[in-house]
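Rule-based calculations on the coordinates, nothing more; no lab input. Just so it is clear, the model here is predicted, and its values are computed rather than measured. For neighbour counting, all protein chains shown are included, and Cβ atoms are generated from backbone atoms with ideal geometry for every residue, glycine included.
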Amino acid sequence: MSVITRIDGDCLVITIANPPVNALSQSVRIGLTKAFKQIEDNPNIKAAVLTGQGRFFSAGADIKEFGKGLLLPTLPETLSLIDQCRLPVVAALPGTALGGGLETVLACRYRLSSPAAKIGLPEVNLGLIPGAGGTQRLPRLIGMKAAAEFVISGKPVSAQKAHELGIIDDIIETNLLPRAIDFATSLIGQEPRQTVSHMPAPQDWSEEAYDALMIKTTAKARGQLSPVAALKAVKAACTLPFEKGMEAEREIFMECLASPQREGLIHGFFAQRQAKKIPDIDGVEPMPITSIGILGAGTMGRGIAMSCLSAGFSVKLYDVQPKALADGVSRITAMIDGNVKTRRMSTAQAEAAKANLTAIDDMTAFAGVDLVIEAIIEKMDVKTAVFKQLDVICKPDAILASNTSYLDINQIAAATSRPENVIGLHFFSPAHIMKLLEVIKTDKASPQSLASAFAFGGKLGKIAVLSGVCDGFIGNRILKAYRAEAEYLLEDGALPQDVDRVMREFGFAMGPFQVSDLAGLDIAWHNRRKEDDTRGPKVRYVVIADQLYDLGRLGQKTGAGWYDYKAGDRSPHISPLVNDLVLKASRDKNITRRVIEDDEIRERIIKIMATEGQAILDEGIALKASDIDLVMIHGYGFPKYRGGLMFYAAAQGILPSA
């Protein structure tokens, strides 16, 4: 049974029982319809509690129904029965209530929760808006501004935050369901409060406040339609009667449903699930990992350490330079304290994280750890020397991982007596914030090492994607092609600001030259020098970036790179000097510059990236096109609403469909 009912005294207890997450499938909606008809038909039922079985109230829509058309009864029809029930329905949340699950809760007159519950309306992340009254009830309950921010962000909040907002009436520490039944029974014979649908329009509504929110939302969305659509639906709640607002919400919902962006975002949703399905490790039991050794206390090492500490791992941090080690510990401690201030961590969690961090001045202290992650200078001789030491120091079953961005991990693995235990764990900076983790499979990596790496990534809350060994793996290899084509465009007739503007309009947060200035031109310069001896004479090579390096223009950190920067201001300003260098580069190669339209800039860049992605697939470096999509979205800022690089390229006919 998807919905279970039982009588407890005068109270009907209705339980959504559709494991694992109590999704609101058609069978659940039918079950709820029958349950509320039972209330209407039986006058002996004088109170009602609606809850969920297990750790979930309901995580919302059943993804198995995606693409199957309209299955009756719809959720809005079902929730109308709850809203209009002759009894004041009490919702009891044992845990998570997301999307349609939260909309169901909002249709109830009273809302009680366990401390463990999380609630949210994540539909915008799938290119949709809440479609069962979420945008109409929530503003009436907590006001326009709070509701708009809640719906637009799509981020879940804790039970405590929901209580502070006024979504949850009370948090019940223990015995949630018995106490909810007692509360529902106590309402018998009393005048119940009005349903949310009958509450007045939000008092904080004004055209001025709404317009300001719309400007902010549109800018932050960078072309994504669903956040803007969600805000329009919230406006309907503020300016229309409830039934008319529901009609407006449904109309906006259907528009989003028909949007290509919805297809792209749902593709990304399923891509995350598919990334975990790797034939070589299917059914392989991962090695338990509780203790981590991190080699290098620089930017990457600190970020990796913070990510591990936040996930509850014990961390030993080493750096060959005592000052760098001390500075690393100090900065990690500051990050932990910052998380407390921003409520990302409780005080207790912060203290536990600090206690789990140990600074060591000798690598022999790594002897007992389960996993060592190396995050030191990108020099092969240094890394191989370190791995030889780790091979001697670490216990036989410890996994040894490198965070290298480009180097051949097979060569690093060959420096040890345990190549089967050597893998790549390529974090993205800042490592404690960025969601992507490339797991690099060396030629001799064992299935258990890979399974352990994916389990570890999951505990960190990362999106782990498998990659084979090649220069730059998946992401940086495509990025290299992206940057090269962007520089070719400069020689052919574009300017840096032209290319950057077009790619921002496409949906990237920054264009390639802005990103280069942020990362530092010296990093790319060193990578190019590694290729000087192997670069063929017929390879097109653009010298502008080298000239900027020679001038000391290394990006934001020196106040000048592809752009000029003012002190204390990271905004890029067009540089006449750089534009002159671009024009000179064309003259030196006898290239006749021409006007390059925006469409050509965009299409050339996307095509070269997608072509490189296809080569990565053909070579077996990536298992699936959707894995490449995840890498580009979560590691390089490819607009997620376009579905990722390969999905977009196939949809646009740039590459043939898979």
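Using a cut-off of 10 Å between beta-carbons, work out the net charge of the residues near LEU24 (Lys and Arg +1, Asp and Glu -1, LEU24 not included). Present the calculation step by step, with values, prior to reporting the outcome.
Details: positive: ARG29; negative: ASP62, GLU65, GLU103.
That sum, taken over residues with Cβ under 10 Å, equals -2.
Starting from the Cα-Cα distance between THR185 and GLU619, subtract it from 0.36 nm times their residue separation and give me the gain in nm to one decimal.
Values: separation 434, 0.36 × 434 = 156.24 nm, distance 6.58 nm.
Between THR185 and GLU619, full extension yields 149.7 nm more.
Mind listing the phi-derived Karplus ³J(HN,Hα) values for segment 228-241, rounded to whole Hz, using 6.51, -1.76 and 1.60 with θ = phi - 60°, and x for any glycine or proline?
Ordered by residue, 3J(HN,Hα) equals 5, 4, 4, 5, 4, 5, 4, 4, 4, 5, 8, 10, 10, x Hz.
Residue by residue through segment 505-520, what is 3J(HN,Hα) from phi via Karplus (6.51 cos²θ - 1.76 cosθ + 1.60, θ = phi - 60°)? Round to whole Hz and write x for glycine and proline.
Listing the rounded values in order: 5, 5, x, 6, 5, 9, x, x, 6, 5, 4, 4, 5, 5, 6, x Hz.
Among CYS470, CYS394, which comes first, then next, by fewest other beta-carbon atoms within 10 Å?
Details: CYS470 18, CYS394 25.
Ranked by crowding around the Cβ, least crowded first: CYS470, CYS394.
Calculated FRET efficiency, ARG504 and GLN194, Cβ-Cβ r, R0 51 Å, to nearest 0.05?
Details: r = 47 Å, r/R0 = 0.92.
After rounding to 0.05, the efficiency reads 0.60.
By DSSP, what percent of the beta bridges with both residues in the chain are antiparallel, rounded to the nearest 5? Spell out each step's value before the answer.
Working: 15 of 60 bridges.
Restricted to the chain, the bridges split so that about 25 percent are antiparallel.
Hey, what number do you get for the chain at 222 nm if only DSSP H runs of n ≥ 4 count, each worth -39500 (n - 2.57), divided across all residues, to the nearest 500? Present the calculation step by step, with values, prior to reporting the outcome.
On the way: 26 runs with 313 residues, N = 658.
Per the formula, -15000 deg cm²/dmol.
Could you grab the relative contact order for the chain? Cα pairs under 8 Å, six or more apart, rounded to a whole percent. Before the final figure, lay out the partial values.
Values: 1224 pairs, mean separation 63.2, N = 658.
The value is 10 percent.
For VAL3, which sequence-distant residues (separation of 5 or more, or a different chain) have an amide H within less than 5 Å of its own amide H, given hydrogens modelled in the peptide plane?
Those lying under 5 Å, H to H, from VAL3 are ALA17.
Distance from a point 7 Å along Cα→Cβ of VAL543 to each backbone N in segment 570-595: keep the residues under 17 Å and list them by number.
Correct set: 578-592.
About its Cα centre, what dipole magnitude does segment 474-592 give when the only charges are +1 on Lys and Arg Cβ and -1 on Asp and Glu Cβ, stated in debye to the nearest 20?
Details: 18 positive and 18 negative charges, 54 e Å.
Here segment 474-592 has a charge dipole of around 260 debye.
Give the residues of segment 46-82 whose amide nitrogen is closer than 16 Å to a point set 7 Å from the Cα of ARG273 in the direction of its Cβ.
59-69
Given points 7 Å out from each Cα along the Cα-Cβ axis, report the LYS64 to SER27 separation in nanometres with one decimal.
With each label placed 7 Å out from Cα toward Cβ, I get 0.7 nm.
Among LYS220, LYS235, LYS530, LYS538, rank each residue by its count of other Cβ atoms within 10 Å, from fewest to most, as a rough exposure measure. It would help to have the intermediate numbers written out before the result.
Working: LYS220 12, LYS235 21, LYS530 15, LYS538 6.
Fewest-to-most ranking of LYS220, LYS235, LYS530, LYS538: LYS538, LYS220, LYS530, LYS235.
Under 1.5 on a/c is rounded, so check that first for the chain, then, if it is not, pick prolate when a/b is larger than b/c and oblate when it is not; a ≥ b ≥ c are the square roots of the alpha carbon gyration tensor eigenvalues.
Details: a/c = 2.15, a/b = 1.55, b/c = 1.39.
Because a/c hits 1.5 or more and a/b exceeds b/c, the chain counts as prolate.
Set the Förster radius R0 to 60 Å, insert the Cβ-Cβ distance between ALA17 and ASN579 as r into 1/(1 + (r/R0)^6), and round the FRET efficiency to 0.05.
Details: r = 66 Å, r/R0 = 1.10.
With R0 = 60 Å, the Cβ-Cβ based efficiency is 0.35.
Under a plain spin-label model, where a point goes 7 Å from the Cα along Cα-to-Cβ, how far apart in nm are ASP41 and GLU77?
Modelled inter-label distance: 1.8 nm.
How would you rank VAL369, VAL105, going from fewest to most other Cβ atoms within 10 Å of each one's own Cβ? It would help to have the intermediate numbers written out before the result.
Details: VAL369 24, VAL105 31.
Starting with the residue having the fewest Cβ neighbours, the order is VAL369, VAL105.
Looking at the square roots a ≥ b ≥ c of the eigenvalues of the Cα gyration tensor of segment 207-268, which shape do they give, rounded for a/c under 1.5, prolate if a/b is larger than b/c, or oblate? Intermediate results must be reported in sequence, preceding the final value.
On the way: a/c = 3.83, a/b = 1.23, b/c = 3.11.
In terms of gyration-tensor shape, oblate.
What is the dipole size for the chain, taken about its Cα centre, with +1 at each Lys and Arg Cβ and -1 at each Asp and Glu Cβ, in debye to the nearest 20? The partial results should precede the final answer.
On the way: 74 positive and 75 negative charges, 92 e Å.
Roughly 440 debye, rounded to the nearest 20.
Expressed in nm to one decimal, what extension gain is obtained for the pair ALA219 and LYS607 from 0.36 nm per residue of sequence separation less their Cα-Cα distance? Write down the numbers at each step before the final one.
Details: separation 388, 0.36 × 388 = 139.68 nm, distance 2.67 nm.
Full extension from ALA219 to LYS607 adds 137.0 nm.
Provide the packing ranking of 576-589, 28-41, i.e. peptides ordered by the mean count of other C-beta atoms within 10 Å per residue, highest first. Don't skip to the answer; put the middle values down first.
Numbers: 576-589: 14.6, 28-41: 18.0.
Output ranking for 576-589, 28-41: 28-41, 576-589.
What nm value, rounded to one decimal, do you get for the distance between LEU141 and LYS323 when each label is placed 7 Å out toward the C-beta?
So the two model labels end up 5.6 nm from each other.
How much length is gained on full extension from VAL392 to ASP598, taking 0.36 nm per residue of separation minus their Cα-Cα distance?
On the way: separation 206, 0.36 × 206 = 74.16 nm, distance 5.61 nm.
Full extension from VAL392 to ASP598 adds 68.6 nm.
Taking a ≥ b ≥ c as the square roots of the eigenvalues of the Cα gyration tensor of segment 488-625, is the shape rounded (a/c under 1.5), prolate (a/b larger than b/c) or oblate?
Working: a/c = 1.34, a/b = 1.31, b/c = 1.03.
It is rounded, given that a/c, with a ≥ b ≥ c, falls under 1.5.
For the pair THR364 and ALA311, what calculated FRET efficiency results from E = 1/(1 + (r/R0)^6), where r is the Cβ-Cβ distance and R0 = 41 Å, to the nearest 0.05? Don't jump to the answer; show the numbers that get you there.
Working: r = 26 Å, r/R0 = 0.62.
Step by step, r from the Cβ atoms, then E = 0.95.
Quick one: go through segment 119-138 and flag any residue whose amide nitrogen is under 11 Å from the point 7 Å out along the Cα-to-Cβ line of LYS161.
Output list for this probe position: 119-121.
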